[in-house]
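Bear in mind these aren't lab numbers, they're just calculated from the coordinates by the rules spelled out. Worth saying up front: this structure is predicted, and the values here are computed from it rather than measured. For neighbour counting, all protein chains shown are included, and Cβ atoms are generated from backbone atoms with ideal geometry for every residue, glycine included.
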Amino acid sequence: MTDFSQFAEPHSEEDRLVRRIDQDRLPRHIAVIMDGNGRWARERRLPRVAGHRSGIRAVRETVEMCARLGVEVLTLYAFSQENWKRPRAEVTTLMSLLREYVRKELDTLLGNNIRFNVIGHLEDLPASAQRELGRAMEQTAGNTGLQFNIALSYGGRTEIVDACRALLLERADPDSLTIESFAEKLYTSGQPDPDLLIRTSGELRVSNFLLWQIAYAEIWVTETLWPDFRRAHLFQAILDYQRRERRYGGLNRSETEHPVVVRHSRRVSISTGSPLRGLARCLPMKRVLTALILGPLVWALLRFAPAWAFSLTVALVIARGVWEAYGILAARGARPLRWLGLACALTVAATFDASTSSDFSLGMSLTLGTIVIAIAAMSARDDPADMLDAMQATLLPVWVVGLTLAHLIGLRSIGDEVGRDLIFLLFLCVMLADIAAYCVGSAVGRRKMAPRVSPKKSWEGAIAAFVISIGAAWLARVWFYPELPLKHALIVGALLGPAGVLGDLVESVFKRAAGVKDSGRLLPGHGGLLDRTDSLLFATPVLYYYSMTFLHGAS
Ligand code: FPP
């Protein structure tokens with residue numbers, strides 16, 4: 001077994017990553033779409049070719065590291081057939097960079113037992129480049145280590161057409177044609193298909209690259225521009241690949257537990273499979289409709305259900321919300337200790353249920369839960385980095401979802417009538433603010449509030465949420481909660497609007513980081529329960545502590 005730790009500076013980020021790579025589950029073939037050279041240069045006010053020149057360092061590091069790790073095949077997309085349309089000067093520079101690279105790196109290729117190969121229409125290249133590349137292929141032909149393919153004047157569709165042409169010329173028998181015999185006519189004949197396709201610079205396209213071969217490749221996209229791509233990125237890509245479940249169209253043991261991830265555009269949505277989904281998706285103003293459906297249900301629950309039934313419902317909401325948060329983290333490759341986290345979140349909720357709830361019992365349940373989770377993470381994982389990941393991934397939903405929503409039970413336990421009024425007030429403010437943010441943001445939203453987290457959210461929407469939340473608190477006071485002094489109604493409204501927007505944004509951070517669009521599939525057309533309760537995450541504790549401090553703490 002190779003000691004991977006020798007590939008990185010001790011205690012560096014690279015060292016931490018490379019040590020976690022499972023040598024027995026390396027991708028056999030890694031394919032890379034090297035993108036972003038132009039943008040890299042533009043960011044530095046340099047000519048585009050400076051980006052290509054800087055990209056060579058990334059090529060060198062990637063080739064060398066794949067060879068040392070023991071990857072069988074590496075294919076780099078260096079020049080597509082479409083790239084001939086680029087300005088002549090850029091094409092000329094790319095060709096000379098290529099010649100220079102091959103000339104300078106030949107010794108390294110030989111020293112690392114790397115077999116160099118070109119795929120694509122080599123004959124399109126200038127004669128000098130053909131000569132240089134031909135020499136490198138010849139001299140490395142006997143090497144038995146990494147097969148390094150460089151795709152030049154390459155097009156995936158052309159490759160398939162070339163394969164068909166070859167078969168037609170051979171007058172191949174149509175009845176004996178199989179997937180395997182067809183693959184033998186491709187440029188990568190005899191090589192395993194890519195297991196991992198890496199693309200830099202954040203674009204979610206395959207750009208006519210190895211179209212046939214990437215049928216089951218795991219795709220890993222990084223925002224990093226190619227000239228900045230380093231070994232740490234390669235290690236991260238391999239680690240993420242190793243965390244994924246490869247199904248090849250089949251089903252896995254945990255199929256029912258895991259969200260079905262369907263990539264579309266930059267984000268990923270989680271398919272519901274529900275017959276109502278299609279109908280619900282067509283409905284306009286989905287937030288308004290959800291509010292109209294959930295509103296009466298919540299109203300009935302609050303008005304008629306005894307405290308224990310309300311607490312039970314909140315516990316179920318917490319369980320589902322925490323579970324969905326674990327699903328999101330798992331889509332990111334994390335491995336939380338789900339059942340333990342769930343137990344901890346429910347214990348916290350149970351602590352709030354006591355109408356005598358004290359800081360002591362709450363603190364104790366959270367602390368004990370944290371300790372148990374820490375011990376379990378250390379016993380369940382071998383590597384300290386994995387232990388830390390497990391602790392983080394397990395505890396985060398407990399705190400961000402379980403603990404926050406448990407304050408609903410706390411609010412209810414402030415007093416039978418008062419508790420109900422407070423929760424009505426909370427729901428009214430948060431729901432109306434949410435609807436206002438959505439409608440105003442969609443209609444006139446111009447200034448993006450958090451484009452990296454939630455591109456649709458605008459400052460105009462947030463201001464509308466703020467104003468409407470104050471109005472909703474005033475309405476609550478007039479409508480059903482006359483005991484609430486006007487001053488406090490206005491302050492509470494002013495706090496709940498922004499707290500709701502924050503909860504929404506934090507949930508988006510989870511989803512964005514994992515590349516998922518919805519938290520789950522419980523509510524057809526609307527995503528998961530967490531998607532619909534995210535605005536309550538911070539608004540609930542804010543109202544609880546405000547009430548306990550200024551309104552009802554002494555009662
Ligand atoms: C895409 O970036 C990159 C290329 C078309 C060329 C890649 C070439 C190299 C890294 C250097 C030479 C390669 C070898 C193997 C020696 P882009 O120009 O499309 O970037 P942009 O999308 O930001 O404009």
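Binning the alpha carbon pair distances of the chain at 20 angstrom intervals from zero yields the distribution 18, 42, 28, 11, 1, expressed in whole percent.
Its Cα gyration tensor gives segment 4-245 an equivalent ellipsoid. The semi-axes, each the square root of 5 times an eigenvalue, are 27, 23, 18 Å from largest down. When you work out D = kT/(6 pi eta Rh) for segment 306-413 at 10 °C and 1.306 mPa s, using the Kirkwood radius from C-alpha pairs as Rh and the Stokes-Einstein form, the result is 114 µm²/s.
Averaging the sequence gap over all C-alpha pairs within less than 8 Å and six or more residues apart, then dividing by the number of residues, gives segment 4-245 a relative contact order of 29 percent. Relative to the dominant Cα principal axis of the chain, helix 536-546 is inclined by about 40°. Going from the fewest other Cβ atoms within 10 Å to the most, the residues PHE209, PHE182, PHE360 appear in the order PHE360, PHE182, PHE209. When the P(r) is computed for segment 171-211, the part past 16 Å accounts for 53% of the Cα-Cα pairs.
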